[in-house]
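Visitor: After the structure tokens below, expect a handful of questions from me.
Computed from the coordinates by the stated procedures, all read-outs in this text should not be read as laboratory data. Note that the structure is predicted; figures quoted are calculated from it, not measured. Neighbour counts run over all protein chains shown; Cβ positions are idealised from the backbone, glycine included.
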Amino acid sequence: MKTIAVLTSGGDAPGMNACIRAVVRTAGARGMKVYGVNRGYNGLMEDDIYEMNLRTVSDIIDRGGTILYSARSLKFKTEEGMNQAVEVCKKRGIEGIVVIGGDGSFRGARDLSLKGIPCIGIPGTIDNDICCTDYTIGLDTCLNTIVSMVDRVRDTSESHDRCTVVEVMGRKAGYLALESGLAVGASYIIIPEKPYSLEDVIKRMNYTLKLDKRHFVIVVAEGIGGVANLAKRIEEETGIESKSVVLGHVQRGGSPSAKDRIVAALMGNYAVNLLLEGKGNRVVAMKKDEIVDYDIYEALSMTKDINLNEYDIAMEISI
Ligand code: ADP
């Protein structure tokens, strides 16, 4: 394989740039030509593509976002869009593609592989909602951002004897909420994977009020939502002044942490090696601190359970 391309697709995540760098530098070191595709599958269909070199990726290792931009593309899901993308690959001589993104992007990569363009997926998402891997690029940076934001909320919550209900990202997955809730010592964590009731939240708050607790931070996963209403109900039921905060897209930005840069480097390098071995339709993953790979079909059919033991520990020690 002499010519490959790299693109970022779906939701952006800190560390994507470090991964692009690893892909371009690995390919460059092996004498391959590398194209950068702008705005995910849109750029592939529209031939918004440029040749990258060792220096195109200088000084991006510390930058959040993605220099290749990202997009969601409905047209790519159609036969017409897919064929257009394949034509562009043929015209450019692109023999393999590294796709950095989430589950949706991997489905696109699987379809392109079926059309004869071998693709390798690299998990890049803050949500850690990709089942085949223990870790996704962007998670650590995002968790640290949430912790630093909630620490600020805690300061003001404490000053005013207040309850603050914080919504964090994670789409349908509660992983970010669970881990950040554990890290900030949240009084209560509400995630889609664990049924909860308002009565239980109130009961717990009333119990800890008796133990002289005066302020509260409640972390709620995006998949549950409704934080404004929850704060209102808590105030009505407990008499504690309650506010809500939706952290929103601040969670996606920022310079990647050391961990995200390291995983990005290892996965980017691994992906190019797979293509060099003539492999396609694979997803790079991390299992027990080792970089491994799976068939995309297999990867997309896997399930991953949240660690409810961690949830119980978080609840037990936040009294
Ligand atoms: P993520 O990769 O973060 O999960 P999306 O689900 O939005 O984000 O997917 C990113 C892009 O991948 C979509 O805009 C679309 O172009 C492509 N894609 C998603 N699902 C499919 C699918 N089933 N078949 C082909 N392409 C898909």
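Visitor: Condition first: farther than 16 Å from MET315 by Cα, over 24 Å from the mean Cα position of the chain (by Cα) and either in contact (Cβ under 8 Å) with a residue 40 or more places away in the chain or outside any strand (DSSP E or B) (or both). Can you find one or more residues in segment 188-199 that meet it?
Guide: No, segment 188-199 contains no residue that is farther than 16 Å from MET315 by Cα, over 24 Å from the mean Cα position of the chain (by Cα) and either in contact (Cβ under 8 Å) with a residue 40 or more places away in the chain or outside any strand (DSSP E or B) (or both).
Visitor: Hey, another quick one. Answer yes if at least one residue in segment 63-82 is closer than 20 Å to ILE122 by Cα, β-branched (Val, Ile, Thr) and within 25 Å of the chain's Cα centre (by Cα), and no otherwise.
Guide: The answer is yes, given that some residue of segment 63-82 is closer than 20 Å to ILE122 by Cα, β-branched (Val, Ile, Thr) and within 25 Å of the chain's Cα centre (by Cα).
Visitor: Moving on to the next point. Scan segment 47-87 for residues that are within 11 Å of the ligand (Cβ to nearest atom), out of contact with any Phe, Trp or Tyr (no Cβ under 6 Å at 6 or more places or on another chain) and either under 19 Å from ALA22 (Cβ atoms) or part of a helix (DSSP H, G or I) (or both) and report the count.
Guide: Initially, segment 47-87 is screened for residues within 11 Å of the ligand (Cβ to nearest atom), giving 70-79, 81-82, 85.
With the extra rule that they be out of contact with any Phe, Trp or Tyr (no Cβ under 6 Å at 6 or more places or on another chain), the set shrinks to 70-72, 74-75, 77-79, 81-82, 85.
Still in the list and also either under 19 Å from ALA22 (Cβ atoms) or part of a helix (DSSP H, G or I) (or both): 70, 75, 77, 79, 81-82, 85.
The qualifying residues number 7.
Visitor: A follow-up question, please. Could you count how many residues in segment 94-120 are of a type in the set (Lys, Arg) and in contact with a Phe, Trp or Tyr (Cβ under 7 Å, 6 or more places away or on another chain)?
Guide: Let us first name the residues in segment 94-120 that are of a type in the set (Lys, Arg), namely 107, 110, 115.
Right, trim to in contact with a Phe, Trp or Tyr (Cβ under 7 Å, 6 or more places away or on another chain) and you get 110.
Looking only at that region, the number is 1.
Visitor: A further question follows. When residues of segment 228-239 are filtered for being surrounded by fewer than 18 Cβ atoms within 10 Å (Cβ to Cβ) and either assigned to a helix (DSSP H, G or I) or in contact (Cβ under 8 Å) with a residue 60 or more places away in the chain (or both), how many remain? Spell out how you get there, then give the answer.
Guide: Filtering segment 228-239 down to residues surrounded by fewer than 18 Cβ atoms within 10 Å (Cβ to Cβ) leaves 228-229, 232-233, 235-239.
Next cut, either assigned to a helix (DSSP H, G or I) or in contact (Cβ under 8 Å) with a residue 60 or more places away in the chain (or both) only: 228-229, 232-233, 235-238.
Summing the residues that are surrounded by fewer than 18 Cβ atoms within 10 Å (Cβ to Cβ) and either assigned to a helix (DSSP H, G or I) or in contact (Cβ under 8 Å) with a residue 60 or more places away in the chain (or both) in segment 228-239 gives 8.
Visitor: Another question about this same structure. Which residues, counting only those in segment 88-111, are free of Cβ contacts under 8 Å to residues at least 60 places away in the same chain and within 13 Å of the ligand (Cβ to nearest atom)? Lay out the reasoning, then the answer.
Guide: Start the filter on segment 88-111 by keeping residues that are free of Cβ contacts under 8 Å to residues at least 60 places away in the same chain, which leaves 88, 90-91, 111.
The answer is ASP111, and nothing else.
Visitor: Which ones in segment 88-103 are in a helix (DSSP H, G or I) and surrounded by fewer than 18 Cβ atoms within 10 Å (Cβ to Cβ)? Even if it seems obvious, please write down each step before you answer.
Guide: Step one: filter segment 88-103 for residues in a helix (DSSP H, G or I), giving 88-92, 103.
Selection gives LYS90, LYS91, ARG92.
Visitor: Report every pair of residues separated by at least 6 positions or lying on different chains whose Cβ atoms are under 6 Å apart, first residue within segment 11-25 and closer than 17 Å to ARG55 by Cα, second among the charged types (D, E, K, R).
Guide: ASN17/ARG63; ALA18/ARG261
Every residue, every condition in (1) among the aliphatic types (A, V, I, L, M); (2) crowded, with 24+ Cβ neighbours inside 10 Å; (3) within 16 Å of the ligand (Cβ to nearest atom), yes or no:
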| site | (1), (2), (3) |
| --- | --- |
| ILE130 | yes, yes, yes |
| ASP151 | no, no, no |
| ARG154 | no, no, no |
| HIS160 | no, no, no |
| ALA173 | yes, no, yes |
| ALA177 | yes, yes, no |
| SER180 | no, yes, no |
| TYR196 | no, no, no |
| GLU199 | no, no, no |
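Visitor: Still on this structure, please answer the following. Looking only at segment 7-46, count every residue that is in contact with a Gly (Cβ under 6 Å, 6 or more places away or on another chain), part of a helix (DSSP H, G or I) and either more than 16 Å from the ligand (Cβ to nearest atom) or closer than 16 Å to TYR270 by Cα (or both) and tell me the total. Quick ask: steps written out before the conclusion?
Guide: From segment 7-46, those in contact with a Gly (Cβ under 6 Å, 6 or more places away or on another chain) are 7, 9-10, 12-16, 19, 22-23, 37, 41, 45; that's our starting set.
With the extra rule that they be part of a helix (DSSP H, G or I), the set shrinks to 16, 19, 22-23, 41, 45.
Retained after the next criterion (residues that are either more than 16 Å from the ligand (Cβ to nearest atom) or closer than 16 Å to TYR270 by Cα (or both)): 16, 19, 22-23.
Adding up the residues that qualify gives 4.
Visitor: Let me ask something else. Only one of GLY174, GLY138, GLY170, GLY225 is within 30 Å of ALA271 (Cα to Cα) and free of Cβ contacts under 8 Å to residues at least 60 places away in the same chain. Can you tell me which? Walk me through it before giving the result.
Guide: Working: GLY174 fails: free of Cβ contacts under 8 Å to residues at least 60 places away in the same chain; GLY138 fails: free of Cβ contacts under 8 Å to residues at least 60 places away in the same chain; GLY225 fails: within 30 Å of ALA271 (Cα to Cα).
Going through GLY174, GLY138, GLY170, GLY225 in turn, just one is within 30 Å of ALA271 (Cα to Cα) and free of Cβ contacts under 8 Å to residues at least 60 places away in the same chain: GLY170.
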